[in-house]
Amino acid sequence: MTTKTADTLIEIWLLDDDDIVRSTTAQWLRLSGYDVREFQDGQTLLEQFSAGLPCIIVSDIRMSPIDGLTLMHECLKLEKDLPILLITGHGDVDTAVNALRDGAFDFLEKPFNPNRLTQTVEKAIHLRKMQYQQANQSQYLGELHGLEQTIIGQDDQIIRVRHQIQTFAGMDTHVIVYGKTGCGKELVAKALHDCSPRSKQPFVAINCAAIPSDLFESELFGHEAGAFTGASKQRVGKLEHASGGTLFLDEIESMPLPMQIKLLRVLQENQLERIGSNSTIEIDLRVVAAAKTDLQTLEDFRQDLFFRLNVSQIHLPDLRHRGADIPLLFEHFGRLAAEERNGNFKPLSPIDHETLTLYGWPGNVRELRNVALRYALEPNTSVAKILAGYQAQDDVDTLSPLPLSVKVQEFERSLIESSIRLQKGNIQAVLEHLQLPRRTLNQKMQKYGLNRADYLE
């Protein structure tokens, strides 16, 4: 399966021993835009089927010598998550409902509405494509090497960033990294250092927004003993400590103007003086600066310092613009958290996958990592539930609220999950408590990734 992608064309394998019904159904599906392969008997289908094929199966139940249920069980032995849609007569409804429990994707009762058939088929195909995406993600994460182990992603924008890092790392020039909070600017700076000839020398990171203005000069330049009240001994500053290596200045737009002037002089002359000293110290620095906005447009940022730093630029995209990288990174962080606890990472349910892609991720990769950690460590939770909990704790409106459809589905999931827990996994009791048909409950449990076995006592 891992050689297929989410864009792979999924074929419908249609099985019915009634030639007229089969050909009519196949014609409707083809007119609806699907590729259909017809089978008259189950044995022929089984001989051609193998795990990972880009297909779903639509099968009648009443056939001989191999009926639809036998076919389903044989196929699921080869691939347990294969979407199989059963077609049943009125007298087989109870049998089909039990088949849902055994792994069927859904069933339709004859005579069925053709539009209902295409809707159900489309859901099954969507699930199949999601399976391919998750399988490919797992394979990609298992084969990471080189720079991809640090800067993970398959999006074109991230591929470009990795190429820029490899190019700029050997040039030994200053670099400005632009990106919103949580995009991974320090990660990129560290990668630039690790891929450069300076990698064996120090990588020193400073958050310019976190240093009080009255301590800035001492922090960067260091001081001699007795240089000011409280300076009981000599201290080497960050600039001197980073000599030979890389200095990372995060949120450089927050640097006080007097310090910008002094930093510019250091970069021009490659030397500094500690506070309280008259001796100059030669230094060799490479600076990687990070900012959230274009430094050239800021009135309180010196343009001469900007031009000194602006030799190369790397622009990091917001997470919401990275498409398929969102579930990929979620699985990566979730796996790491699960492995630390010697546990297994729980695959995403369809609704969790939908929530990941619909949410705007204002906190970018940092926020995604936090949600993935919670998801990996908390049993029987969901992505929407975690995000809703974060937003409920906020004092202000979130910049990226959960879509209403996600909130409604999470409310439904929580009701069903609470009932299953209350009834200790007794499905019959859950049906009575929620007043739901068995088929509907099975479909919703599948959709929300709820497993009865997790609640048995």
Practice task
Can you tell me the FRET efficiency between His163 and Asn310 if r is taken as the Cβ-Cβ distance and R0 is 22 Å, rounded to the nearest 0.05?
Solution key: 0.65
Exercise for the section: Could you bin all the Cα-Cα distances of the chain into 10 Å bins starting at 0 and give me the percent of pairs in each, rounded to whole numbers? Expected result: 4, 16, 21, 19, 15, 10, 8, 5, 2, 0
Handout entry: Distance between modelled label sites at Ile275 and Leu422, nm, 7 Å Cα→Cβ extension
Key = 6.4 nm
Problem - Farthest positive-ward along region 1-91 dipole, Cα basis, beta-carbon charges - from Leu69, Ile84, Val36 - result: Ile84
Handout entry: Per-residue SASA entry for Glu47, accessible area with 1.4 Å probe, Å² rounded to 10
Key = 130 Å²
Fill in the blank from the handout: the chain accessible area per residue, 1.4 Å probe, protein heavy atoms, integer Å², reads 49 Å²
Exercise for the section: Over the chain, with every protein chain in place, what whole percent of the accessible area is carbon and sulfur at 1.4 Å, could you tell me? Expected result: 49 percent
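Hey, got the dipole for the chain? About the Cα centre, +1 on K and R Cβ, -1 on D and E Cβ, debye to the nearest 20? The partial results should precede the final answer.
Working: 48 positive and 62 negative charges, 113 e Å.
Charge dipole, the chain, about its Cα centre: 540 debye, nearest 20.
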Handout entry: Lysine pairs with alpha-carbon atoms under 24 Å apart, region 94-232, spacing 8 or more or separate chains
Key = 4
Fill in the blank from the handout: Computed over the chain, the relative contact order (Cα-Cα under 8 Å, seq sep at least six) in percent reads 12 percent
Exercise for the section: Identify, among Ile176, Trp361, Gln137, the residue whose Cα sits farthest towards the positive end of the charge dipole of the chain, taking +1 on the Cβ of Lys and Arg and -1 on the Cβ of Asp and Glu, with the dipole about the Cα centre. Expected result: Ile176
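Please identify the trypsin sites (Lys or Arg not before Pro) of region 185-290 that satisfy two criteria: DSSP loop assignment and at most 16 other Cβ atoms within 10 Å. Which are they?
In loop regions of region 185-290 (DSSP not H, G, I, E or B), the sparsely surrounded trypsin sites (Lys or Arg not before Pro) are Lys200, Lys233.
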Fill in the blank from the handout: Computed D for region 96-195, Stokes-Einstein, Kirkwood radius over alpha-carbon pairs, 25 °C, 0.890 mPa s, to the nearest µm² per second, is 138 µm²/s
Exercise for the section: Taking 7 Å along the Cα-to-C-beta vector as the label spot, tell me the Leu215-Phe411 distance in nanometres, rounded to one decimal. Expected result: 4.8 nm
Exercise for the section: Treat region 53-125 as a sphere of radius equal to its Kirkwood radius over Cα pairs and apply Stokes-Einstein at 20 °C in a medium of 1.002 mPa s; give the translational diffusion coefficient in µm²/s, rounded to a whole number. Expected result: 175 µm²/s
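Estimate the FRET efficiency between Asn207 and Ser32 by the formula 1/(1 + (r/R0)^6), using the beta-carbon distance for r and 56 Å for R0, to the nearest 0.05.
Computed FRET efficiency for Asn207 and Ser32: 0.50.
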Handout entry: Cα-only Debye scattering, region 51-95: base-10 log of I(q)/I(0) at q = 0.14, 0.18, 0.22 Å⁻¹
Key = -0.33, -0.53, -0.75
Exercise for the section: Treating only the Cβ atoms of Lys and Arg (+1) and Asp and Glu (-1) as charged, compute the dipole magnitude of region 3-67 about its Cα centre; round to the nearest 20 debye. Expected result: 240 debye
Completion exercise
Between the residues Gln303, Ile283, Leu319, the Cα farthest towards the positive end of the dipole of region 257-328, that dipole coming from +1 and -1 charges on the beta-carbon of Lys, Arg, Asp and Glu, is from Leu319
Practice task
Would you tell me the accessible area of Asp17, worked out with a 1.4 angstrom probe on the heavy atoms of the protein chains, in Å² to the nearest 10?
Solution key: 60 Å²
Exercise for the section: Rounded to whole Å and sorted largest first, list the principal axis extents of the Cα atoms in region 226-363. Expected result: 66, 39, 28
Problem - Computed label-point distance, nm, for sites Asp17 and Leu144 using a 7 Å Cα→Cβ extension - result: 5.2 nm
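The values are calculated or read from the model by the stated rules, or taken from the named source; none is laboratory data. Quantities reported herein were computed from a predicted structural model and do not represent experimental measurements. All Cβ positions, glycine included, derive from the backbone under ideal geometry; neighbour counts span all protein chains shown. SASA here: full protein model, heavy atoms, side chains in, ligands and nucleic acids out. Shrake-Rupley method; radii C 1.70, N 1.55, O 1.52, S 1.80 Å.
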